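Participant: Before anything else, here's the structure in question.
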Amino acid sequence: MKSALRLVALDEAAERIGLRPGMALADARAMIPAIAVADADPAADAALLEAVADWAERYTPLVALDPPDGLLLDITGAAHLFGGETALLADLNARLAAQGFFARAAIAGTPGAAIAAARQGPGGAIATADTTAMLAPLSIAALRLDPETVAALDRVGLKRIGQLLDAPRAPLAARFGTALLRQLDRALGLEEEAINPRRPVAPLVAERRFAEPVSREEDIAATLASLAAALAGTLEKTGEGARALELALFRVDGAVRRIAVGTSRPVRAPRLVMELFREKFSGLAEEIDAGFGFDMVRLAVTAAAAADPAQIDLAGDALADGDLDQLVDRIGARLGPEHVSRLTARDTHIPEKQMTENGARRTEKKERPAPPSSCFSSPSSDIDRPLRLFARPEPVDAIAEVPDGPPIGFRWRRALYRVARAEGPERIAAEWWEDSPDQLTRDYFRVEDSSGHRFWLFREGLFERETALPRWYMHGVFA
Amino acid sequence: MRASVFMAGESIARLRRRIGEIEGRPGDGGPREGGGPTLASGIRSRSVLDFGIPLLDERIGGGLKRNGLHEIRAGETRDAAAATGFATALLARLAVTDSRPILWVMETAAGREAGLPYGTGLDRFGLDSRRLVVVHVRRPGEALWVFEEGLRCRGLAAVLAEIRGSPKQLDLTASRRLALRAGESGVMGLFLRQAGAVLPGAAVTRWLVAPRPASPVDNFPAGIGRPVWRLVLERSRTGATGSFDLEWDHDTCTFALAGARAGRAALPVPRPSLSPDRPDLSPDPRPLVAFRRAS
């Protein structure tokens, strides 16, 4: 019976005619031959729940998942924005129903009580004083206990939460574990329980709701500008600037689109914020589908940092450095921050590791450190390193004297080159103290062909000591 | 200092200076607005970047216009290194008087074919790689966008953009836009084109670069010495064209005509410094009002 097809979820009509979750599909078909079934898809269900959770952020940023089919919203301090708890509940139910969901919702003083009320109880807004009375007639399974505990309690005749409330605590804890009493205390509010929001809460948020959904780009831009101005005022009071911003567009049908931008230095000027989003929008691979319009726009500062007011006030023409940071931000917003980089020197003598590209965005350190001057950096004033290095050394066919002579001629990219002059070898051994056991010693040569092209070639492996047949590579080109 | 002794000559001289400025010529050597050592503005200390070679500088009106677009072309992919070298040398000379960062925009295809800019090599070549901000773009259209944004940014000394081939976005309109941006901001635009055909453009000068055998350093004649390039001036505002073999000395950050240094002492003779208040080399006694335009 283990591999039988079973019912996972049912709609209301199916429940009414006596089908139950866990029932084998064959049994259900025997009862009602005409039932419509679809394969269960837990991944799609989870994705749908995530999407609904996204949508639910219109009520509060503190949204947690209660899998497989529940959501927890911490509406502390948010209910009055919607005209009170009852009005919020009505609004939520109406909007979910309009989207085609069947939902049960409840508001209570603790997450445990709210879940019990929504899943098994009457729903609606339950005052803290009525929590015990509401919980008492509910089944013990409403306390979010594991099935074994519920079954064990059932065997001794404890079926309702009210029976637990009347029973002495010490024997209960001794027999069924402390988890039972903890869940009970949490539901009653005797023990603190925090919900675990699925996304970090932004320190600063500004939002605007529309009675009539907006879809035109100009309207969204104007809204964004006014939200940015609202945030700028708050940021100015705290002496901070935004390092990361997120724009959330709530579509009428429940879909939420989030667009995030980052900055090199704290910004709060609405003009700069607008510019960043403009670049981001024009760089987006897929256009934002406005559908039937957006009924809420939210701009959140997801990361803030202390900002020197002078830098921000003078940003623009007067402050050249700030100007560059803004450029880096704009390019990063449009092409992706990983496309903008600065070259950083590293203390190694393996040529391709000596210079790495690091993000051009400013970190905590204002100035980049000077390149390390160690025994590795050659004191020579010669141009002994190429101007351009290939991302990967390219194999070449070279003719050279054994064991360690310079190349006489070579074939690279299907063209033959005759070496007119060569300098070398410069021997660079593998870094045995690093994790590179297979790397061979390289002999580098600077060569010039008869027409003046200058190349940096290396022979990999010492002849007869490391390899029988050393291979040649083109690593870079000189000016 | 005034060119004319006539009362009316004064206004003519002013007009000449004005035209000279538009044409990118240093004028008659008199103090000019916008040029000269106006360091307080912080925008630019000189209006041209000279080669330090009178023969060459005279041809192009004193040097490369700082607030202009200059095209550097490599005929074949294998010549891209030489073109990069010439551009880097120009940037290194620019960096002597201008401490602002430099933006290097490169198309992924260009980097794949000719290699990526290598910091250690740039340092040895005379350009401090810490001043570079490198932007990698996938498409030519994006490269042109970043190029234009960079040219608008007054916090930069110069923008070097590298594009491979002759993409269709690179038309006269795009080139004019870039030249206009460079003119407005004073940020020098260097356009490095790998294996690209000659296209109509608004660049002030256009150079075709190919490598030449390096000139040996005196104390090591058998080795590979200073890089030498054959520069073909294909187009300039003054109408002058020509071909020059130029040698780069990374120690002193100077150009020289190839062969001119031969037979010199082993230690290089220090050249005059590039101080911003230095008078122009060999000022033309009579300012030229206008030249025939180059195609």
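Every number in this text was worked out from the coordinates using simple rules, so none of it is lab data. Here the structure is a predicted model, which means the values were calculated and not measured. All Cβ positions, glycine included, derive from the backbone under ideal geometry; neighbour counts span all protein chains shown.
Participant: Net charge near B:Leu172: determine it from the other residues with C-beta under 14 Å of the C-beta of B:Leu172, scoring Lys and Arg +1 and Asp and Glu -1.
Facilitator: +3
Participant: Now a separate question. Just rank B:Lys65, A:Lys280, A:Lys237, A:Lys353, fewest to most, by other beta-carbon atoms within 10 angstrom.
Facilitator: A:Lys237, A:Lys353, A:Lys280, B:Lys65
Participant: With Kirkwood's inverse mean 1/r over C-alpha pairs for Rh, give me the Rg to Rh ratio of the protein assembly as shown, two decimals please.
Facilitator: In the protein assembly as shown, Rg relative to Rh is 1.13.
Participant: If you don't mind, another one. Rounded to the nearest 500, what is the 222 nm mean residue ellipticity of chain A from helices alone, with -39500 (n - 2.57) per DSSP H run of 4+ residues and division by all residues?
Facilitator: Computed mean residue ellipticity for chain A: -9500 deg cm²/dmol.
Participant: For B:Ser47, which sequence-distant residues (separation of 5 or more, or a different chain) have an amide H within less than 5 Å of its own amide H, given hydrogens modelled in the peptide plane?
Facilitator: Here the answer is B:Gly36, since their amide H atoms fall under 5 Å of that of B:Ser47.
Participant: A further question follows. Compute for the range A:137-208: radius of gyration divided by Kirkwood radius, i.e. Rg/Rh, restricted to C-alpha atoms, rounded to two decimals.
Facilitator: Ratio of gyration radius to Kirkwood radius: 1.18.
Participant: Only counting other Cβ atoms within 10 Å, I'd like B:Glu71, A:Glu423, A:Glu12, B:Glu76 sorted with the fewest neighbours first.
Facilitator: With the fewest neighbours first, B:Glu71, A:Glu423, A:Glu12, B:Glu76 line up as A:Glu12, B:Glu76, A:Glu423, B:Glu71.
Participant: Net charge near A:Arg209: determine it from the other residues with C-beta under 14 Å of the C-beta of A:Arg209, scoring Lys and Arg +1 and Asp and Glu -1.
Facilitator: Net charge in that neighbourhood comes out at -1.
Participant: Roughly how big is the range A:33-191's charge dipole about its Cα centre, with Cβ charges of +1 (Lys, Arg) and -1 (Asp, Glu), in debye to the nearest 20?
Facilitator: That gives the range A:33-191 a dipole magnitude of about 620 debye.
Participant: If amide H atoms are built 1.01 Å from N in the plane of the peptide, which residues on other chains or at least 5 residues away come under 5 Å of the amide H of B:Val133?
Facilitator: B:Ile102, B:Leu103, B:Trp104
Participant: For the range B:63-69, what does the Karplus curve 6.51 cos²θ - 1.76 cosθ + 1.60, with θ = phi - 60°, yield as ³J(HN,Hα) per residue in whole Hz, taken in order and with x for Gly and Pro?
Facilitator: Ordered by residue, 3J(HN,Hα) equals x, 7, 4, 5, 9, x, 9 Hz.
Participant: Now a separate question. Taking K and R as +1 and D and E as -1, what net charge do the other residues with C-beta under 14 Å from the C-beta of A:Lys353 add up to?
Facilitator: That sum, taken over residues with Cβ under 14 Å, equals -2.
Participant: Say each of A:Leu416 and A:Ala167 gets a label point 7 Å from the Cα, pointing the same way as Cα to Cβ; how far apart are those two points in nm?
Facilitator: 9.4
Participant: Another one. Show me, bin by bin at 5 Å from 0, the whole-percent P(r) of the range A:1-76 based on Cα pairs.
Facilitator: Final binned percentages: 3, 13, 20, 16, 13, 13, 10, 7, 4, 1.
Participant: In the protein assembly as shown, what % of DSSP beta bridges are antiparallel (nearest 5)?
Facilitator: 75
Participant: Something else: Just to check I understand the Karplus step: with θ = phi - 60° and J = 6.51 cos²θ - 1.76 cosθ + 1.60, what whole-Hz values come out for the range A:19-30, glycine and proline as x?
Facilitator: Using θ = phi - 60°, the values come out as 7, 9, x, x, 6, 5, 4, 4, 5, 4, 5, 5 Hz.
Participant: Then there is this: For B:Asp79, B:Asp249, what ranking results if the residue with the fewest other Cβ atoms within 10 Å of its Cβ goes first?
Facilitator: B:Asp249, B:Asp79
Participant: Also, quick follow-up: How large is ³J(HN,Hα) for each residue in the range A:161-173, as worked out from phi by the Karplus curve 6.51 cos²θ - 1.76 cosθ + 1.60 (θ = phi - 60°), to whole Hz, x for Gly and Pro?
Facilitator: Listing the rounded values in order: 5, x, 5, 5, 4, 7, 6, x, 6, 4, x, 4, 5 Hz.
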